[in-house]
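The values are calculated or read from the model by the stated rules, or taken from the named source; none is laboratory data. This is a predicted model, so every value here is computed, not measured. Counting neighbours? That spans all protein chains shown, and the Cβs are built from the backbone with ideal geometry, glycine included.
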Amino acid sequence: MSSKSKLANDLYHATGTEEDVLNDPEIAHLFIHHNKVVTSRLLPGLNVVTKELKDGIRVNITTDEGVQFKKKVHLCFGMFPEKGVQKIILKVDIKKNSSISVLAHCTFPNAVDIKHIMEAEINIGEGARYSYFERHVHGDKGGVKVFPKAKVIVEKKAVFKTEFELLKGRVGLIDIDYETICKEESVMEMNARIDGTGNDIIKIRETGHLEGRSSRGVLTSRVAVRGSAKAEIYNKITASAPYARGHVDCKEIVQDKGVASAVPIVEVNDPKAHVTHEAAIGSVDSKQLDTLMSRGLSEDEAVDLIIKGLLS
């Protein structure tokens with residue numbers, strides 16, 4: 001096995017995933033360690049161009065018009081060293097009537113002082129579908145700073161779904177900044193699930209603009225903060241077209257000395273549009289806690305189970 005192949009295997013196994021992606025010829029993949037490609041496989045209709053930069057790597061992903069991918073495309077970004085900077089400049093262009101689902105793993109198992117920067121521009125063509133699930137796996141030292149930033153345009157009758165999950169290892173610092181513009185009859189769903197402990201800092205800023213007639217959007221955040229972790233959630237939906245529909249939903253659990261704030265904002269600029277919001281911050285439900293403890297779980301085990309339920 002070559003050094004690059006071994007690095008790719010080690011990187012993917014560090015995510016805790018058992019699926020044999022590297023050896024499945026029907027699954028497209030791209031693995032990047034630090035700022036270098038270690039392995040990739042493309043399928044017809046999927047075009048990926050990478051360019052190594054002095055301070056990062058540029059990745060352009062394009063689909064052909066009308067292509068439908070049956071299996072998820074796998075991306076893996078990560079670093080094994082304790083220190084360093086990984087910067088990904090990502091440009092995604094999903095062509096008209098095509099459909100693609102991406103599973104992206106980001107893993108930094110040994111991080112003491114790692115900075116992961118993702119700057120993305122995403123365009124989803126008319127009638128296309130793009131699903132992006134980003135799962136982070138960190139080490140237990142809290143030495144990761146993550147800065148995902150994206151500008152997204154969802155064209156007429158297109159669908160954009162994104163999920164961000166950070167449930168394994170310490171968060172460190174996470175600062176999410178997503179902004180999405182939705183055209184006529186398009187759909188946007190953005191979902192974040194993060195579990196913070198120790199002195200982790202969680203910042204989520206997601207904005208959706210429903211600019212097209214009958215466009216729809218949902219922003220959902222589920223966050224837990226324990227120890228002395230802190231979370232700041234700012235979610236906003238604007239609706240400026242007839243029959244646009246949106247909802248902002250934020251729920252946070254606070255334990256120990258954790259601190260959480262939530263700012264759901266709705267802005268409606270058309271009398272035929274409608275946007276709602278819901279925010280809830282509090283401790284673990286005492287009735288749920290008592291019920292689980294009565295069945296033999298310790299308080300810590302019961303709290304963990306409740307939080308896992310919130311974040312599932």
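Criterion first (among the charged types (D, E, K, R), out of contact with any strand residue (DSSP E or B) (no Cβ under 7 Å at 6 or more places or on another chain) and either crowded, with 17+ Cβ neighbours inside 10 Å or modelled with pLDDT of 95 or more (or both)) does E126 satisfy it?
yes
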Exercise. Before we move on, is G296 of a type in the set (G, A, S), farther than 30 Å from E184 by Cα and not in a strand (DSSP E or B)?
Worked result: yes
Exercise. Is there a residue being under 12 Å from the mean Cα position of the chain (by Cα), within 26 Å of K51 (Cβ to Cβ) and surrounded by fewer than 21 Cβ atoms within 10 Å (Cβ to Cβ) anywhere in the stretch 140-147?
Worked result: yes
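For the stretch 168-181, which positions are assigned to a strand (DSSP E or B) and at pLDDT 95 or above? Working first, answer last.
In the first step, residues of the stretch 168-181 are kept if they are assigned to a strand (DSSP E or B); the result is 168, 173-181.
L173, I174, D175, I176, D177, Y178, E179, T180, I181, listed by residue number.
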For this session: Run E252 past the list (1) out of contact with any Gly (no Cβ under 6 Å at 6 or more places or on another chain); (2) crowded, with 21+ Cβ neighbours inside 10 Å; (3) in contact (Cβ under 8 Å) with a residue 60 or more places away in the chain and report the number of the one that doesn't hold.
Result: (3)
Exercise. Hey, any hits in the stretch 46-56 for a residue that's surrounded by 15 or more Cβ atoms within 10 Å (Cβ to Cβ) and touching a residue at least 60 places away in the same chain (Cβ under 8 Å)?
Worked result: yes
Exercise. Do we have K272 as in contact with a Ser or Thr (Cβ under 8 Å, 6 or more places away or on another chain) and either surrounded by 12 or more Cβ atoms within 10 Å (Cβ to Cβ) or closer than 18 Å to I202 by Cβ (or both) here?
Worked result: no
Exercise. When the residues of the stretch 32-45 are filtered to those that are part of a strand (DSSP E or B) and without any contact (Cβ under 8 Å) to a residue 24 or more places away in the chain, which remaining residue is surrounded by the most Cβ atoms within 10 Å (Cβ to Cβ)?
Worked result: R41
Seminar exercise, completed: Scanning the stretch 62-86 for residues that are buried (at least 22 other Cβ atoms within 10 Å of the Cβ) and of a type in the set (A, V, I, L, M, F, W, C), the one farthest from V102 (Cα to Cα) turns out to be M79
Exercise. Taking the stretch 58-82 as the region of interest, how many residues are among the charged types (D, E, K, R), touching a residue at least 40 places away in the same chain (Cβ under 8 Å) and farther than 18 Å from E165 by Cβ?
Worked result: 4
Seminar exercise, completed: Counted residues in the stretch 99-138 being under 20 Å from T63 (Cβ atoms) and among the polar types (S, T, N, Q) come to 4
For this session: Say whether the condition of being under 20 Å from the mean Cα position of the chain (by Cα) and either part of a strand (DSSP E or B) or of a type in the set (K, R) (or both) is met by at least one residue in the stretch 2-21.
Result: no
